[in-house]
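Quick note: the coordinates plus some simple rules give every number you see, no bench work behind them. None of these values were measured; they are calculated from a predicted model. Note that each Cβ is placed from the backbone with ideal geometry, even for glycine, and that neighbours are counted across all protein chains shown.
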Amino acid sequence: MRFLFFLCCLTQQLIPGFGQTARPDTAFRHDAIQFALQRAERADSTTDGLFNGVQYISHDRRLRGHAYFGTDSAVRGRVEAGGKSYTLPIHYDLVDDALVADHRAGYWMVPRGETIQSFHLLNHTFIRLTDTTQSRLPAGYYDLLYDGPSRLLARHTKKILIGSVPNNFGEYLLTTTYYVYRQGEYVKVGSRKALVKLLADRRKELTAYAREQKARFKEDPELALQALAQRYDELNKPQ
């Protein structure tokens with residue numbers, strides 16, 4: 001859209017008016033217009049493989065809060081799709097479980113989910129799971145917190161609660177669910193103690209480790225799950 005606007009302005013400035021005699025710099029004007037067109041085509045082609053979805057429609061602005069992961073401002077991130085990598089401003093809509101990308105034409109788009117392998121946003125890596133039969137998880141995007149044998153994933157979602165607050169139209173409610181990969185499937189874990197119980201063959205060592213890290217884990221429960229999963233894999237690493 002920005003290139004088209006530039007092209008329109010350029011055309012209005014350079015094309016002679018009706019009934020006027022063409023100025024001697026016609027060749028220059030022609031070259032300038034062709035350059036603008038070629039530049040626009042190159043810009044669009046860099047993201048053609050990504051922008052094959054639908055235009056994004058945002059949620060009701062009267063709602064308190066926002067629908068996105070981390071911040072309501074677009075953040076420059078990286079998207080891996082169709083074997084290619086794209087760097088551009090993106091959002092992650094937690095209500096619709098949708099990656100939202102800034103199209104060069106001036107609007108937001110939701111790329112087709114099946115083309116996306118992962119995206120990187122705010123120092124988090126999100127992967128897309130599609131084989132729900134094997135993983136026993138709903139298809140969609142998951143925050144990859146730890147990528148080892150005991151892989152740890154987080155599923156972030158937001159729900160819209162209408163009229164949940166007096167004198168307020170509504171608000172967003174954030175929920176995060178954690179899953180650890182265990183014996184060929186993902187198992188839901190709700191707390192540090194639940195994870196230690198699940199990894200029963202190393203319960204003694206993990207309990208001692210959690211006790212050592214109690215202060216740090218109390219401040220950041222998510223960090224506790226990451227550290228325990230990693231510690232478990234270290235304990236079971238072949239010597």
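What span do the alpha-carbon atoms of the stretch 191-239 cover on each of the three principal axes, reported in whole Å from largest to smallest?
33, 18, 16
A 21 angstrom limit on the alpha carbon distance is what I want to check against. Which of Lys193/Lys214; Lys158/Lys188; Lys159/Lys197 exceed it?
Numbers: Lys193/Lys214 12 Å; Lys158/Lys188 18 Å; Lys159/Lys197 30 Å.
In this structure, Lys159/Lys197 exceed 21 Å between Cα atoms.
If you wrap a convex hull around the C-alpha atoms of the stretch 54-189 and split its volume per residue, what is the figure in Å³?
Values: hull volume 16.6 nm³, N = 136.
For the stretch 54-189, the hull spanned by Cα atoms encloses 122 Å³ per residue.
If each residue of separation counts as 0.36 nm, what is the full-extension length gain between Thr157 and Arg136 once their alpha-carbon separation is subtracted?
Numbers: separation 21, 0.36 × 21 = 7.56 nm, distance 1.76 nm.
The span from Thr157 to Arg136 would gain 5.8 nm if fully extended.
Placing +1 on the Cβ of each Lys and Arg and -1 on the Cβ of each Asp and Glu in the stretch 100-230, which of Ile127, Ile160, Ser150 has its Cα farthest towards the positive end of the resulting dipole?
Ser150
Testing the spin-label approximation: label points 7 Å from Cα along Cα→Cβ at Arg112 and Ala200. State their distance in nm.
4.6
When N is the residue count of the stretch 135-239, what does its C-alpha Rg come to as a fraction of 2.2 N^0.38 Å? Please report the intermediate quantities before stating the final value.
On the way: Rg = 16.5 Å, N = 105, 2.2 N^0.38 = 12.9 Å.
Normalised Rg, Cα atoms only: 1.28.
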